[in-house]
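Inspection log for the structure reproduced underneath, given as structure tokens.
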């Protein structure tokens, strides 16, 4: 009985396999080789819109570009879904720091996303974080 059930299961899997449409596959491969837009799309998203932190102006601009591009490619109903991220938009336009004592030197640091701006210059202590090896 077990062999019969196993045989029926294997047989149904083989019968259920989809036939490959070779003409469509060849057409898709030809389109990819002759008209690929992968590098142009990658360039647009990385170089034009740069980092796209959620809720940032770059994120919104890239999403709008993607909708317009998909529409231009002929896709139907390309649109943005309404979504409340719960944070204001954020863009790291500039951040500078200087060590003033015991030596004068530029301070290298990273800003954490969605941190608010300061109202003018801020002074304080710094510390160096060294990763373990």
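What's the total number of residues in region 63-109 that are without any contact (Cβ under 8 Å) to a residue 12 or more places away in the chain, closer than 23 Å to residue 51 by Cβ and part of a loop (DSSP other than H, G, I, E, B)?
8
Test residue 18 against the stated conditions and say whether it is surrounded by fewer than 13 Cβ atoms within 10 Å (Cβ to Cβ) and either touching a strand residue (DSSP E or B) at 6+ places or on another chain (Cβ under 6 Å) or assigned to a loop (DSSP other than H, G, I, E, B) (or both).
yes
Out of 70, 39, I need the residue that is surrounded by fewer than 10 Cβ atoms within 10 Å (Cβ to Cβ), within 25 Å of the chain's Cα centre (by Cα), more than 30 Å from residue 116 (Cα to Cα) and modelled with pLDDT of 85 or more. Which one?
Only one candidate qualifies: 39.
Looking at (1) surrounded by 11 or more Cβ atoms within 10 Å (Cβ to Cβ); (2) more than 30 Å from residue 125 (Cβ to Cβ), which is the only condition residue 107 fails?
Every listed condition holds for residue 107 apart from (2).
The values are calculated or read from the model by the stated rules, or taken from the named source; none is laboratory data. The shown structure was predicted, so the numbers you read here are calculated from the model rather than taken from an experiment. For neighbour counting, all protein chains shown are included, and Cβ atoms are generated from backbone atoms with ideal geometry for every residue, glycine included.
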